[in-house]
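Heads up, the thing below is written out as structure tokens.
The values are calculated or read from the model by the stated rules, or taken from the named source; none is laboratory data. Here the structure is a predicted model, which means the values were calculated and not measured. Positions of Cβ are backbone-derived with ideal geometry, glycine not excepted, and every protein chain shown enters the neighbour counts. Just so you know, the surface numbers come from the protein's heavy atoms only, side chains and all, with ligands and any DNA or RNA stripped out. Shrake-Rupley method; radii C 1.70, N 1.55, O 1.52, S 1.80 Å.
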Amino acid sequence: MRILSQNPVTDPSTVLYRRCVVDLETGTATQEDVPCKNLEDVLGGFGRSYQILAERKIKEAYCPENPLILNIGILTGSTVMTGLRSYFSSYSPLKQSRRGLPSAMWSAGSGNFGNKLKWTGLDEVIFENRSTTPIYAVFSEGENGPRVEIKPADHLLGLTGHEKIMALHSEYKDAHFAVIGPAGENFNNVYMGAIVLSTDNQLKSGEGKSRFAGRGGMGSMMGYKNLIAIVAQSSDKMGKTTPDMRDVNRDVIKNGGSARFQPVSQGGHGGTWANIDVLQAFHAVPENNFRPKGDEDVAGLFRPNVEKDFDVHSEACFRCGIRCHNNLYHRNADGSRGALAAKFDFEPLILFGSNIGINDSRQVTELIHLCDYLGMDAISLGSTISYVLDYNARHPDQPLCDGVAFGQFDQIRELIVRTGRGKLSEVGRGVKRLSEQTGETSYAMHVKGLELPAYLPETNPAYAFAIAGGHMSMGTHMYLAKEGKTGLDDWVEVITRQGLLQVGYDMIGLCKFVGVGMGHELISRAIGEATGLKVSSEEIVAAVRRAYLRGLALELRQGYEDDEYTLPGQVFENPNPNVTLPAFVTREFFARMKQRVWAIFKPEMEGLLPE
Amino acid sequence: MQITVKLYGSLCIGRFHSAVREYPDSSTIQTIVTDLGIPSEYLIRLKNGYHVPLEEVVQNGDTVSLLPMLDGG
Ligand code: SF4
């Protein structure tokens, strides 16, 4: 990125980012410095990529004209703690409107890949068209700027995501990797393929400690393009941490928001895993396809119980002091730490645990590990499997997938393997399509075609306004549990003010676990210190808001109709009496909430898309 | 007066899961939080199952639940 002035708001074109366009059909690459059009371009991530997507009218995801955009945020590769994010954007094979048009999507991941890409000198790569043979792309730092090579990838085919990373690591030193697993390779039958990102810890230990850009099938898009892996090779160019930046990082660590995700041993709450204790207090932990039973079965997944079977260790991405990863290790006979079993974050833990009727942590770890290795989005896969199990419980005489039932570990394991290897398209294409085939849609846990994360829809009517995943693009999933608010005014306010700002982290290159809102002075301080740019909190908030609204406008342009902004029918038709949080999401409440939210959003959305 | 206090998640570490504790009349949730040495930021506070502010006054026989305020990911 070249920064020629300090004011990106009045003069965004004085900030230029380095773009590389790779034509996968011809194997050629071109590069240019692109002047920013607005602050969203400057901040980066989906704020920029969605403006590129908006310029294209794409009718189906798997077509050569649909680009796959890889980019970073303004703080990726900087000395700001958690500044590691890379973003992948495209029209999604998984999320599509009833009219059959694909929705724009982005997915974000940590690891060290984003840093390395930035240090090659690139801020953005647009992959155009598709290769006729399996290839991988190598971006590296050359004497005259970033270098691009396209190489055959036949030797990587069929390997798990982790195996691909380790195979490339043996060939490329000083590099990090974004790869697909078998799921992405089988893109025709798996629309939920994830992109697997390498971490320093993984390369050093040889263990599968990847991070994932999972949502929306961006790994399947890579597979469609026959792009099996991306290598970013560069020396480490982390700048010197200035005293002011040290203060910023100290404040990141010390602020109560990030402390929540820090290890218990450090006085934190131990990462997202701890959500289970909080939600169980309200019997709001998803069980048996988002239908809590009102019992204590999930206690098997509480941390103290899991610690009986595993050695739980808090680890981190490159130089991150938040250390939010809870990695579970087997214990050797002598009590010492053995091999890695799995990472335990809230989403996979619940979606491969209580939500499919499994509360034995040893079994859950195995399923999480399998999903990761095959390279699928844990949320989409978990929520689709739970639908299958629910359907089978309701239709024992005509079941799906050989009649697999809640709690049947071996059969579920087999189902995951078959899905990841492209042998079970009913599951691999997601819950919306499957439920439309069966004709039973009310308990299919998706909104607008994207499967729900592990927070009950009856506790979050704002899912309807999430643009790229229920909890990653609308920060209201814990609002009811945290605040207990059920008023119409409260929900309209939280959606249209704080909730939508959740997406800001997917522009600037930091993790959400920094734990402060986009309007916090820490964000503008961090940008100022890392880049010299002067941008106020209000200006950042305004840019994030425009980027979100552009995404919403893009959904409408891709054919979404008003009645698709809804929740699974079961929420309205059959409220669950076991959940002790207030049941407030009636059809009437929902309709009024939507009307008021649209009345605020729609006027602001005008003019955000190209004609 | 006697208040039943329930703690969840990492708040239990070094404290307790559930205990009946003595507090003076007119105590608030803040009194209890301070007494237990729990930071009052990022805390979910329930009185008899309902969300309440820190200034909420408690009465003899109430149950106060304190939960860490987390977030998703
Ligand atoms: S907060 Fe967690 S995911 Fe984010 S950079 Fe730090 S360790 Fe990685």
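With the structure loaded, tell me whether A:Phe346 is aromatic (Phe, Trp, Tyr), within 12 Å of chain B (Cβ to nearest Cβ) and within 16 Å of the ligand (Cβ to nearest atom) or whether it fails that test. Please lay out each step first, then the result.
On the way: aromatic (Phe, Trp, Tyr): yes; within 12 Å of chain B (Cβ to nearest Cβ): yes; within 16 Å of the ligand (Cβ to nearest atom): yes.
When the stated conditions are applied, A:Phe346 passes them.
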Kindly evaluate A:Thr82 against the criterion of being open to solvent by less than 30 Å² (accessible area, probe 1.4 Å), over 29 Å from A:Glu564 (Cα atoms), within 14 Å of chain B (Cβ to nearest Cβ) and within 16 Å of the ligand (Cβ to nearest atom). yes
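Can you pull out every residue in the range A:234-251 that is open to solvent by less than 50 Å² (accessible area, probe 1.4 Å) and closer than 27 Å to A:Phe177 by Cα? Walk me through how you get there before you give the answer.
Kept after step one, since they are open to solvent by less than 50 Å² (accessible area, probe 1.4 Å), are these residues of the range A:234-251: A:234-235, A:238-239, A:241, A:245, A:248-249, A:251.
A:Ser234, A:Ser235, A:Met238, A:Gly239, A:Thr241, A:Asn249 - these are the residues of the range A:234-251 that are open to solvent by less than 50 Å² (accessible area, probe 1.4 Å) and closer than 27 Å to A:Phe177 by Cα.
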Consider only pairs whose beta carbons are under 7 Å apart and that are at least six residues apart or on different chains; among these, list those whose first residue lies in the range A:315-326 and is under 13 Å from A:Ala259 (Cα atoms) and within 6 Å of the ligand (Cβ to nearest atom) and whose second residue is of a type in the set (Phe, Trp, Tyr) and part of a loop (DSSP other than H, G, I, E, B). A:Ile322/A:Phe261; A:Cys324/A:Phe261
Considering only residues that are open to solvent by 10 Å² or more (accessible area, probe 1.4 Å) and under 15 Å from A:Gln96 (Cβ atoms), which ones fall in the range A:414-436? A:Arg429, A:Lys432, A:Arg433, A:Glu436
Being at negative phi, away from the ligand (no atom under 16 Å from the Cβ) and outside any helix (DSSP H, G or I) is the filter here, so list the residues in the range A:243-285 that pass it. A:Ala281, A:Phe282, A:Ala284, A:Val285
What do you reckon, is B:Ser65 part of a strand (DSSP E or B), touching a residue at least 12 places away in the same chain (Cβ under 8 Å), within 12 Å of chain A (Cβ to nearest Cβ) and of a type in the set (Gly, Ala, Ser)? yes
If the requirement is being closer than 28 Å to A:Gln558 by Cα and within 14 Å of chain B (Cβ to nearest Cβ), which of these qualifies: A:Met478, A:Met474, A:Met507? A:Met474
In the range B:15-62, what residues are assigned to a loop (DSSP other than H, G, I, E, B) and facing chain A (nearest Cβ under 8 Å)? B:Pro39, B:Glu41, B:Tyr42, B:Gly49
Considering A:Leu122, A:Leu159, A:Leu117, which residue is away from the ligand (no atom under 16 Å from the Cβ) and farther than 27 Å from A:Thr419 by Cα? A:Leu122
